[in-house]
Amino acid sequence: MKSRRNTTFLLLILAAVAAPVAAQLAPVAPQAAEGRQRQYDPRANDRPAAEMQLLPEELADIRAYETAKHSVVNITTKVQYENFFGIAESEGSGSGAVIDREGHILTNNHVIDGAGAIRVNFSDGSTYNAELVGADAVFDMAVIKVDAPADKLHPIALGQSNNLRVGQRAYVLGNPFGFAGTLTKGVVSSLNRSVPSRSGPRPMDGMIQTDAAMNPGNSGGPMLNSSAQMIGMCVAIASKSGQNSGIGFAIPVDRIRRFVPELLEHGKVLRAYHGIVELNETANGMRIARLAQGGPAERAGLRGFRQIIRKIRQGPLVYRVPIEDREYADYLLAIDGKPVRTHIEFLEIMDAYQPGERVVFTVERQGERLEVPVTLESV
């Protein structure tokens with residue numbers, strides 16, 4: 001997402017660079033021969049069409065662009081906020097991809113978060129108002145909807161991300177700095193990267209890394225393979241300047257396939273509720289600190305810290321002091337056989353489950369290993 005100030009700044013820089021170049025070129029005159037000035041013939045350098053054929057690699061790039069360009073849209077937003085002078089308004093923009101002929105468009109949550117108005121611009125120049133259908137801040141996904149004719153809606157082809165290989169071709173198609181329909185090319189640089197999240201301390205894991213140029217405004221746009229299939233959604237860049245540095249990240253399309261149906265049906269991602277409120281990472285494993293009272297984990301018999309009352313005598317007075325009994329708590333070792341060593345691993349494992357499913361928590365309780373089944377609920 002970007003602000004209008006960024007676009008203005010970019011144009012000013014380009015203008016400043018262009019002027020000196022023009023000045024340097026101005027004094028150059030046509031070369032003279034034998035005292036006579038040559039006449040420029042624009043046909044002199046014409047080459048037969050057969051000699052101007054594009055390379056196979058260029059044709060592949062063009063095919064990818066031509067196939068996907070009408071599926072990618074520019075999203076502009078208006079956000080109202082309060083400052084010292086009253087209510088102010090800011091504008092932003094990002095990218096998105098049409099996913100069906102009902103008018104649903106996929107983008108990042110941070111592109112539309114807090115927006116009071118959303119507009120979608122199609123490749124043919126037509127513009128439509130959009131409404132929010134569903135969003136999730138943790139996975140930075142959102143679905144918006146436009147009421148546009150079917151002939152305007154060209155759903156993007158979805159590929160797969162579980163079989164990606166480092167080194168394969170990757171394209172980024174979007175609207176950097178508001179320049180609509182911009183294609184950049186690179187490769188899949190790495191897989192399963194973990195990057196900081198905008199929504200909290202939990203990082204975004206499993207990201208696809210690419211050197212295809214991304215800039216502000218590419219957020220929410222597709223990353224494509226050589227068949228013009230969407231393999232990821234652009235989400236972040238690693239940069240000290242806020243502009244492209246050759247390290248960009250995309251949400252894998254398999255994750256999008258997993259959660260977008262929930263956004264369409266429920267307006268949010270349905271997370272399985274287990275009732276474990278707090279886990280502590282210790283040298284001996286993940287210790288359960290707190291459980292939700294009456295939640296699935298407590299009803300199943302899992303244990304967190306408990307409070308005991310200890311009597312302390314001071315002279316003639318006796319005080320009842322609550323003490324936290326940590327030895328009472330269970331250590332969580334595994335979920336359905338998958339080892340749990342960190343809080344992030346716990347969250348990643350639980351993301352795969354749906355409300356209503358039954359999982360088995362393997363715990364250690366005062367030296368004894370136990371298998372505790374827990375039936376998950378919806379949040």
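Our coupling estimate for the stretch 260-276, obtained by passing each phi through the Karplus curve with A = 6.51, B = -1.76, C = 1.60 and θ = phi - 60°, is 4, x, 5, 5, 5, 7, 10, x, 7, 7, 7, 9, 5, 9, 10, x, 8 Hz, Gly and Pro reported as x. For Met223, the amide hydrogen comes within under 5 Å of the amide hydrogens of Ile231, Gly232, Met233, Cys234, counting only partners 5 or more places away or on other chains and with H modelled in the peptide plane.
Based on Cα contacts under 8 Å between residues 6+ apart, the stretch 101-155 shows a relative contact order of 46 percent. Dimensions of the stretch 198-342 from C-alpha coordinates, computed as largest minus smallest value along each principal axis and given longest first, are 80, 37, 29 Å. Here Glu345, Glu57 are placed in order of increasing Cβ neighbour count within 10 Å, fewest first, which gives Glu57, Glu345. Taking 30 Å as R0, compute the FRET efficiency from the Cβ-Cβ separation of Glu368 and Asp100 and round it to 0.05. Plugging the Cβ-Cβ distance into 1/(1 + (r/R0)^6) gives 0.05. Give the cross-link partners of Lys338 among the lysines, using a straight C-alpha distance below 28 Å as the criterion and excluding same-chain residues fewer than 8 apart. Candidates past the 8-residue exclusion: Lys268. Once the gyration tensor of the Cα atoms in the stretch 169-264 is diagonalised, the equivalent ellipsoid follows with semi-axes of 19, 17, 13 Å, ordered largest first.
Within a straight-line Cα-Cα reach of under 23 Å, Lys240 can be paired with the following lysines, leaving aside sequence neighbours fewer than 8 residues apart in one chain: Lys2, Lys185. For a straight C-alpha distance cut-off of 21 angstrom, the lysines reachable from Lys152 (same-chain residues fewer than eight places away being disregarded) are Lys69.
In terms of overall dimensions, the C-alpha atoms belonging to the stretch 68-152 reach 46, 30, 19 Å along their principal axes, ordered largest to smallest.
Placing a pseudo-label 7 Å from each Cα along the Cα-to-Cβ vector at Gln307 and Thr127 gives an inter-label distance of 5.8 nm.
Please report the base-10 log of the normalised intensity I(q)/I(0) for the stretch 308-379, using a Debye sum with one equal scatterer per alpha carbon and no solvent, at each q in 0.15 (1/Å). Reported log10 I(q)/I(0), two decimals: -0.64. For the pair the stretch 135-210 and the stretch 318-379, the centres of their Cα atoms are 34 angstrom apart.
Just so you know, all these numbers are worked out from the coordinates, no wet-lab data involved. Treat the numbers as computed from the prediction; the structure is a model and nothing was measured. Ideal geometry is used to build each Cβ from the backbone, glycine not excepted, and the neighbour counts take in all protein chains shown.
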